[in-house]
1. With a 10 Å radius around each residue's Cβ, average the other Cβ atoms per peptide and rank 97-107, 231-241, highest first.
2. For the range 149-301, what does the relative contact order come out to in percent, with C-alpha contacts under 8 Å and a separation of six or more?
3. Taking neighbour Cβ counts within 10 Å as the exposure measure, how do Lys216, Lys243 sort from fewest upward?
4. Could you order the peptides 185-198, 118-131 from most to least packed, using the average number of other C-beta atoms within 10 Å per residue?
5. Enter the Cα centre distance for the pair the range 188-264 and the range 117-147, rounded to the nearest angstrom.
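A short reminder: the numbers here are calculations on the coordinates, not readings from a lab. Bear in mind the structure is a predicted one, so any value in this text is a computation, not a measurement. Don't worry about glycine lacking a Cβ; one is built from the backbone with ideal geometry, like all the others, and counts go over all protein chains shown.
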Amino acid sequence: QTMVSDAIPLGAQPDARGKLGAAGSLGLVLGSAFGGWFASGRRGPIGAYMASVCGSVCSIGHLALCLPETKPERTGHQSSDTAVVATRSKTRRGALATILSDPEARCLALAMALHEPTILPQISEVTSIFAQERLGWGPMELGRFISGYGVASMIGNLSTGRLVDTLGASTHTTVCHFMSALSFVIWGCARDATSMAMVLPPMAVSRGMDAVLQGKLMVRTSALGLGKGEASAACKILGASMKVMTPLALAHLYSASTGPKTSSRRHLPAGSPMFLVAAIVLLAEVFHRGALRAARERGEDAVSC
């Protein structure tokens, strides 16, 4: 994602990020389809895990051998971050402190961090339990849904560039937030396969939430004197905190919603974890609006000066 900011103009970045996300969704589809086949082989689940490890090692090795950024001494290529550090005076504060001290960059970074709970790996544990206990699904039905989820994500990511051109960058991000919240509300209320299928259309539209925000964040952090690599790494600290907290919070909430009911303890809805994710996505939209407001105020200040 950081390399997209280096190699592609800002206006074309949403489409490029969407295509990159579509490649990841294709991997999700293939993994769901072939995972069961590997797991049913002689080696059982170990075969599926070994195939995943081998695929990851081959991908990382290919990047290390082929990207010019990994061998600058042989190609003479200088990464954009090196050029930025060489031509700009480095800020006295750390990258994360610099981002959090700027109103626009702070809102963009927090909005992107709040997108983490919408990613399937962060909610996979609750998704599996929900499918077993609420829907009565087994591994086969859940695998089919995950494959459908991957196909919907791939279609949505491939449509990101066209949607941004049609709706505009800010409107597209807002629509993505509301569609994502709607999909998780439907998910939380689902009781059968038909209602789970209704999750996929709004989920497809919501893919690409980060496509515009990440480009804006890279532009703003560059203006603050940060390289793209260090800005991206600082933002991932916020994302990592959400990755750690999300599974724990959702599991605890689901446990509270399905635990024994007592006179002093009321049952929460069984879909409470998904409702929480929907609320988090709407909070991300609040930060998105804050970033737009900060950008307008900064523009007005520049004009007045």
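1. So the order, starting with the most tightly packed, is 97-107, 231-241.
2. In percent, rounded to a whole number, it is 29.
3. In increasing order of surrounding Cβ atoms, one gets Lys243, Lys216.
4. Averaged packing, sorted descending, gives the order 118-131, 185-198.
5. The two parts, judged by their Cα centres, are 16 Å apart.
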